[in-house]
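What follows is calculated from the coordinates using simple rules that are stated; it is not laboratory data. Bear in mind that the values here come from a model prediction, so they are computed numbers and not experimental data. Every residue, glycine among them, receives a Cβ derived from its backbone with ideal geometry; neighbour counts consider all protein chains shown.
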Amino acid sequence: MPKAVRLPKGREFTFKSGGGQTSKYPWNEWFNGDLLMLERTTTDPDGKKHVRDYDVSTSVMPAKLKTAARRRYKVLQISRVDADGNKLVDSLIIKGRPMTQEERLVEDLKRAEEKAARQTSASEYGDTTDRVTPIAGTA
C-alpha cells in the first residue's frame, strides 16, 4: 500500500523535469548518423580495466541499442563484422538515422498496440502496475 507524502505547511513538491535516472550510455551521440565502432570494456588478466563504450556482453548489446534507438524514433544498423568482412570481437559498428515520417507512423501504431496489450493483460490478471494512485490530498 503506498504511503502518503507529507510536506511542511505551505510547501509544494516539485517533480524534476526529465524524471528518472540519467542514461548509462550517450544514446543521442551514438545515434547522430555517424558510422561508429563501439567497444566493450575489458579487464586484463592482471585486473587492469580498460573502459570503453559499453560494459555488457556484446551478444546483448544489439538489443539494448535497438530498444534505445526505437525510443528515440531512430533506425539503427548494427554490424558484427568490419569493412573487410572480419568478425569483430567485443565491438560493434553502428549507424543511426531518424525515422522517416512513414516509419514514425508505423512506430506510433506499434506502440499503441503494445500499450493496449499491456493494459489488457494487466486487467485480465488483476495487475495494477499501470494505475496511478494519487497522493492523499492532491486528487
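Miscellaneous remarks
- Near the amide H of THR42, within less than 5 Å, lie the amide hydrogens of HIS50, ARG52, all on another chain or at least 5 residues away, with H placed in the peptide plane.
- Segment 27-99, relative contact order [Cα under 8 Å, separation at least 6], %: 40
- Cα-projected label distance for ASP82 with HIS50, points at 7 Å along beta-carbon direction, nm: 1.3
- Inter-label distance for LEU109 and LYS66, nm, one decimal - labels placed 7 Å from Cα along Cα-to-Cβ: 2.0
- Ordering MET61, MET99 from the fewest to the most neighbouring beta carbons within 10 Å gives MET99, MET61.
- Here the label points at ARG11 and GLU29, each 7 Å from Cα along the C-beta direction, are separated by 3.7 nm in the simple model.
- Pairs of C-alpha atoms in segment 27-99 farther apart than 14 Å represent 60 percent of all such pairs.
- Each residue of segment 112-125 was assigned a 3J(HN,Hα) from its phi angle through the Karplus curve 6.51 cos²θ - 1.76 cosθ + 1.60 (θ = phi - 60°); the sequence is 5, 5, 5, 5, 4, 5, 5, 5, 5, 4, 5, 6, 5, 9 Hz, with glycine and proline shown as x.
- Restraint check, LYS3/LYS66; LYS49/LYS95; LYS3/LYS110; LYS64/LYS87; LYS49/LYS115, Cα-Cα greater than 32 Å: LYS3/LYS66; LYS3/LYS110; LYS49/LYS115
- Per-residue Karplus couplings for segment 97-108, computed as 6.51 cos²θ - 1.76 cosθ + 1.60 with θ equal to phi - 60°, are listed in order as 8, x, 5, 6, 4, 5, 5, 5, 4, 4, 4, 4 Hz, Gly and Pro entered as x.
- Loop-located chymotrypsin sites (Phe, Trp or Tyr not before Pro) in segment 1-89 (DSSP state other than H, G, I, E, B) with a sparse environment of at most 14 neighbouring Cβ atoms within 10 Å: PHE13, PHE15, TYR73.
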